[in-house]
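> Got a structure for you, questions after.
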Amino acid sequence: MRTYTNVKDLGNLNEAVKEALEIKKNRYAYKHLGENKTLLMVFFNSSLRTRLSTQKAGMNLGMNTIVLDINQGAWKLETERGVIMDGDKTEHLLEAIPVMGCYCDIIGVRAFAQFENKQDDCEEKILNQFIKYSGKPVFSMEAATGHPLQAFADLITIEEYKKTQRPKVVLTWAPHPKALPQAVPNSFADFMNEADVDFVITHPEGYELDPKFVRGAKVEYDQDKALAGADFVYAKNWAAFADSNYGKILSKDRSWTVSTEKMALTNNAYFMHCLPVRRNMIVTDEVIESPQSIVIQEAANREISAQTVIKRILESL
Ligand code: CP
């Protein structure tokens, strides 16, 4: 594996989940793979889980790890070619990326959608420049359109907790005070569409995700109908994707908050969220603190999804 940006990079998904569950049983068994190898993690945006779990995954594999926060201590980077650099940006990404590549063997990149130019976001302008110019294998630690490490951890968690062969999994939009990217729901849909689950997406009208990720999934605009009989409820906010409203908040309707009443419609479903989560906007205190909430177990599996991906990259070096 030379890059990890979407579900397809994992190849056979059942095999990938099986490998992840094996790694989870003995996460230090592959320490030799990373000996004298360096993992560089580049963050253009904040993180708690991705930063800690990916660093831990690298250490489990015997790697040295370096973390660079672009907005804290690094030179301000220009990303556009042709710009006369007479402003506050000191260095161009086109020099910075190959320089970063000199100091490591594998690079993880976090670069969210900026909601300034839809085309730039959809083309994954920053992530793809790392893939093109670093000379090193690159994996996404959440980019503009996807968060495949999160979705892989989500699938591992569903596999661990499912009680039926083909569980009903509902991705529900929920309200939030800020405009959030579509990366998490995109990747979740991407993975669920490949997995053996009955997958339903529910959101208010106007919040349609990119059809590239929705593919054949059922979309139900009535949240209560969607939640009926669900085995897993995956809550997430996202901003509008459609051209004229791209990156905008269209609703803060708290009737979409996942509450005890909403969970009562389900088949005693497990509650999932990638975290961080805004309580009593996305989900009530009662639901996230209930025994059916598996958000911590889900976060713990971020170490396993990252380790599986980095292990595969190390094996390909
Ligand atoms: N879920 C997730 O990616 O968390 P962080 O933003 O804290 O890394």
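The values are calculated or read from the model by the stated rules, or taken from the named source; none is laboratory data. Remember, predicted model here, so these are calculated numbers, not experimental data. For neighbour counting, all protein chains shown are included, and Cβ atoms are generated from backbone atoms with ideal geometry for every residue, glycine included.
> Which one of these does Asp154 not meet: (1) surrounded by fewer than 16 Cβ atoms within 10 Å (Cβ to Cβ); (2) over 25 Å from Gly101 (Cβ atoms); (3) of a type in the set (D, E, K, R)?
Evaluating Asp154 over (1) surrounded by fewer than 16 Cβ atoms within 10 Å (Cβ to Cβ); (2) over 25 Å from Gly101 (Cβ atoms); (3) of a type in the set (D, E, K, R) leaves (1) as the failure.
> Take the stretch 287-317 and flag every residue that is away from the ligand (no atom under 13 Å from the Cβ) and under 21 Å from Leu171 (Cβ atoms).
Filtering the stretch 287-317 down to residues away from the ligand (no atom under 13 Å from the Cβ) leaves 287-294, 297, 304, 307-317.
Across the stretch 287-317, the qualifying residues are Val287, Ile288, Ser290, Gln292, Ser293, Ile294, Gln297.
> Right, next: Which one of these does Lys168 not meet: (1) under 30 Å from Lys311 (Cα atoms); (2) surrounded by 19 or more Cβ atoms within 10 Å (Cβ to Cβ)?
It is condition (1) that Lys168 fails.
> Return a yes/no flag: does the stretch 73-90 have any residue that is within 16 Å of the ligand (Cβ to nearest atom), charged (D, E, K, R), farther than 22 Å from Ile313 by Cβ and part of a strand (DSSP E or B). Full working, then the answer.
To start, the set of residues in the stretch 73-90 that are within 16 Å of the ligand (Cβ to nearest atom) comprises none.
No: the stretch 73-90 contains no residue that is within 16 Å of the ligand (Cβ to nearest atom), charged (D, E, K, R), farther than 22 Å from Ile313 by Cβ and part of a strand (DSSP E or B).
> Any residue in the stretch 132-146 that is over 11 Å from the mean Cα position of the chain (by Cα) and on the phi > 0 side of the Ramachandran plot?
Step one: filter the stretch 132-146 for residues over 11 Å from the mean Cα position of the chain (by Cα), giving 132-139.
Now restrict to residues that are on the phi > 0 side of the Ramachandran plot: 135.
Yes, some residue in the stretch 132-146 is over 11 Å from the mean Cα position of the chain (by Cα) and on the phi > 0 side of the Ramachandran plot.
> Just the residues that are crowded, with 16+ Cβ neighbours inside 10 Å, assigned to a loop (DSSP other than H, G, I, E, B) and over 15 Å from the mean Cα position of the chain (by Cα), please, taken from the stretch 5-43. Step through it out loud before you land on a result.
Kept after step one, since they are crowded, with 16+ Cβ neighbours inside 10 Å, are these residues of the stretch 5-43: 5-7, 9-10, 13, 16-17, 19-20, 23-24, 27, 30, 33-34, 37-43.
Adding the requirement that they be assigned to a loop (DSSP other than H, G, I, E, B) leaves 5-6, 27, 30, 37.
Result: Arg27, Tyr30, Lys37.
> Sticking with this one: Does the stretch 208-262 hold any residues that are among the aromatic types (Phe, Trp, Tyr) and under 14 Å from Pro175 (Cα atoms), and which are they? Lay out the reasoning, then the answer.
Of all residues in the stretch 208-262, those among the aromatic types (Phe, Trp, Tyr) come to 213, 221, 232, 234, 238, 241, 246, 256.
Within the stretch 208-262, Tyr234, Trp238, Trp256 qualify.
> Right, another one. For the structure I just gave you, tell me whether Ser187 is hydroxyl-bearing (Ser, Thr, Tyr) and at pLDDT 95 or above. I'd like the intermediate steps shown before the answer.
On the way: hydroxyl-bearing (Ser, Thr, Tyr): yes; at pLDDT 95 or above: yes.
Yes: the conditions hold for Ser187.
> Those residues that are part of a helix (DSSP H, G or I) and at pLDDT 95 or above, I need them from the stretch 229-265; list them, please.
Asn245, Arg254, Ser255, Trp256, Thr260, Glu261, Lys262, Met263
> Still on this structure, please answer the following. Within the stretch 237-245, does at least one residue satisfy the condition of being in contact (Cβ under 8 Å) with a residue 40 or more places away in the chain, within 26 Å of Phe115 (Cα to Cα), of a type outside the set (Ser, Thr, Tyr) and exposed (fewer than 15 other Cβ atoms within 10 Å of the Cβ)? Steps first, please.
Of the stretch 237-245, the ones in contact (Cβ under 8 Å) with a residue 40 or more places away in the chain are 237-239, 241, 243.
Cutting the leftovers down to within 26 Å of Phe115 (Cα to Cα) gives us 237-239, 241, 243.
Next, from what is left, pick out any that are of a type outside the set (Ser, Thr, Tyr): 237-239, 241, 243.
Pick out the ones that are also exposed (fewer than 15 other Cβ atoms within 10 Å of the Cβ) and you get 243.
Yes, the stretch 237-245 has at least one match.
> Any idea which residue in the stretch 60-72 is surrounded by the most Cβ atoms within 10 Å (Cβ to Cβ), counting only those that are more than 21 Å from the chain's Cα centre (by Cα) and assigned to a loop (DSSP other than H, G, I, E, B)?
Leu61
> I would also like to ask the following. Look at Arg49 and say whether it is in contact with a Lys or Arg (Cβ under 7 Å, 6 or more places away or on another chain) and basic (Lys, Arg). Even if it seems obvious, please write down each step before you answer.
On the way: in contact with a Lys or Arg (Cβ under 7 Å, 6 or more places away or on another chain): yes; basic (Lys, Arg): yes.
Spelling it out, Arg49 is indeed in contact with a Lys or Arg (Cβ under 7 Å, 6 or more places away or on another chain) and basic (Lys, Arg).
> Please find, within the stretch 44-59, the residue that is farthest from the ligand (Cβ to nearest atom) out of those that are crowded, with 19+ Cβ neighbours inside 10 Å and in a helix (DSSP H, G or I). Steps first, answer last, please.
Taking the stretch 44-59 first, the residues crowded, with 19+ Cβ neighbours inside 10 Å are 44, 49-50, 53-55, 57-58.
With in a helix (DSSP H, G or I) added as a condition, the list becomes 49-50, 53-55, 57-58.
Details: Arg49: 4, Thr50: 3, Ser53: 8, Thr54: 9, Gln55: 11, Ala57: 13, Gly58: 15 Å.
If we take residues in the stretch 44-59 being crowded, with 19+ Cβ neighbours inside 10 Å and in a helix (DSSP H, G or I), then Gly58 is farthest from the ligand (Cβ to nearest atom).
> Return the residues of the stretch 183-230 that are out of contact with any helix residue (DSSP H, G or I) (no Cβ under 7 Å at 6 or more places or on another chain) and closer than 14 Å to His273 by Cα; say none if nothing qualifies.
Ala183, Pro185
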